[in-house]
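Please treat every number below as a calculation from the coordinates, not as lab data. Please read all numbers here as calculations on a predicted model, not as lab measurements. Cβ: placed from backbone, ideal geometry, glycine included. Neighbour counts: every protein chain shown.
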Amino acid sequence: MAVPEPVAEHHHRNVQGGAVRAGVFGMSDGLVSNVGLVLGVAGSNAAPGFVRLAGMVSLVSGAFSMAAGEYLSMRAQSELLEHELEMERTEIRRNPHSERQELAAIYASRGVNPDTAEELAAEMMRDPEVALEAHAREELGIDPAQLGSPVGAAASSFVAFALGALVPLLPWLVSRGAAAAVASVVLGVLGAVGIGAALGAATGRSPFRPALRHLAVAGSAAAVGYGLGTLIGGTTPT
C-alpha cells in the first residue's frame with residue numbers, strides 16, 4: 001500500500017497586527033523627524049549642548065506622541081471591530097436561518113455551486129463560533145482572533161521611534177561642530193537605507209527601490225532642516 005506524500009504546509013507571518021506596522025513606521029518617523037531637527041539646530045550655529053538637548057527632547061516627546069497616537073487609534077479600531085462582531089454574534093443567535101442564507105449567498109456569488117454553498121453554510125452554522133468567524137471573514141474581512149493589540153502597537157511604536165531618532169543624535173553625544181554634523185548626515189543616510197532595504201526584504205521585493213525612497217525622504221528632511229537653521233538661526237559659536 002502506497003504511503004501518500006505529506007502535504008506541504010505554507011506558513012505565513014501575521015502581518016495584520018499593529019505592532020509590526022507601528023515598529024517599521026515608528027523607526028522611519030523617528031529618523032526622519034530628528035535628522036531634520038538635529039541638523040536644523042546645528043545649522044543655526046547653536047552650542048553643542050543645545051543641539052543635544054533639542055534632539056533628546058524631540059526623541060522623548062516624539063516617542064510618547066507616536067505611542068499615544070498608535071494606542072488611541074488601535075483602541076478605537078479594536079472597539080469598532082468588537083462592536084461589529086458582537087452585532088454579528090447577536091444576529092447569528094437571533095436569526096440563524098437568515099444568517100445561513102446570507103452566508104450561502106456569499107459563497108454562491110464567489111462561484112461555489114448553490115447546493116454546495118447551502119451545505120457549506122449549514123455546516124458552518126452548526127457551531128456559533130465557527131459561524132461568527134465565517135461571517136467575520138466573509139462580510140467584514142477580519143479575523144476575530146487577530147484584531148491587534150493597542151498596547152503592543154504603542155510599545156513597538158515608542159521603542160522604534162526612539163531608536164530611529166537616536167541615530168542622528170548619537171554623534172552629538174560624543175562630538176561637536178562640523179564633525180558631529182557630518183556624522184549625523186552619514187548615520188542618517190545609513191539608517192534610511194537600512195530601514196528601506198529591510199522593508200523591501202520583508203515584503204519579498206528588491207530592497208533597492210524602498211532604500212532609495214527612504215533615503216530621498218530622509219535627505220529632504222535633513223536638507224530642509226539644515227537650510228532653515230542656517231537661514232534663520234542665530235550666530236552663537238559652536
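Could you give the radius of gyration (one decimal) and Dmax (whole number) of the Cα atoms in the range 46-157, in Å?
Using the Cα atoms of the range 46-157, the pair Rg, Dmax is 22.7, 78 Å.
Taking only DSSP H segments of four or more residues, each worth -39500 (n - 2.57), what value at 222 nm results for the chain once the sum is divided by all its residues, to the nearest 500 deg cm²/dmol? Kindly include the intermediate steps, with their values, before the conclusion.
Details: 8 runs with 182 residues, N = 238.
It comes out at -27000 deg cm²/dmol, rounded to the nearest 500.
Calculate, in nm to one decimal, what Leu231 and Ser98 gain on full extension: separation in residues at 0.36 nm each, minus their alpha carbon distance.
On the way: separation 133, 0.36 × 133 = 47.88 nm, distance 6.84 nm.
Length gained between Leu231 and Ser98: 41.0 nm.
Relative contact order for the range 86-140 using alpha-carbon pairs under 8 Å, separation at least 6, rounded to a whole percent?
About 40 percent, as a whole number.
Once you have the Cα-Cα distance between Val60 and Val151, take 0.36 nm times their residue separation minus that, and quote the gain in nm to one decimal. It would help to have the intermediate numbers written out before the result.
Numbers: separation 91, 0.36 × 91 = 32.76 nm, distance 1.80 nm.
Residue separation times 0.36 nm, minus the Cα-Cα distance, leaves 31.0 nm.
Give me the log10 of I(q) over I(0) for the range 86-140 at q = 0.13, 0.31, 0.32 Å⁻¹, as the Debye formula computes it from C-alpha points; what are the numbers?
With one equal scatterer per Cα and no solvent, log10 I(q)/I(0) is -0.25, -1.32, -1.38.
Picking from Arg205, Arg75, Arg213, which is most flexible by a Gaussian network model of the chain using Cα springs under 10 Å?
Fluctuation is largest for Arg205.
Find the relative contact order for the chain and round it to a whole percent, using C-alpha pairs within less than 8 Å whose residues are 6+ positions apart.
41 percent
Compute the relative contact order of the range 132-229 as a whole-number percentage, counting only Cα pairs closer than 8 Å that sit 6 or more residues apart in sequence. Intermediate values should be presented prior to the final figure.
Values: 64 pairs, mean separation 15.4, N = 98.
Reported relative contact order: 16 percent.
May I ask for the angle, rounded to the nearest 10°, between helix 96-109 and the longest principal axis of the chain, with both axes built from Cα atoms and the value confined to 0 to 90°?
70 degrees
How far, in nm, would the chain grow between Arg75 and Ala202 when pulled straight, counting 0.36 nm per residue and subtracting the alpha carbon separation?
Extra length from Arg75 to Ala202 when fully extended: 43.1 nm.
Treating the chain as a set of equal point scatterers at the Cα positions, no solvent, please give the Debye-formula log₁₀ I(q)/I(0) at q = 0.13 Å⁻¹.
Each listed q corresponds, in turn, to -0.85.
Magnitude of the Cβ-charge dipole of the chain, K/R +1 and D/E -1, about the Cα centre, nearest 20 debye?
Values: 15 positive and 22 negative charges, 378 e Å.
Magnitude of the dipole: close to 1820 debye.
Using r as the Cβ-Cβ distance of Arg213 and Glu86, and R0 as 45 Å, what FRET efficiency do you calculate, to the nearest 0.05?
0.65
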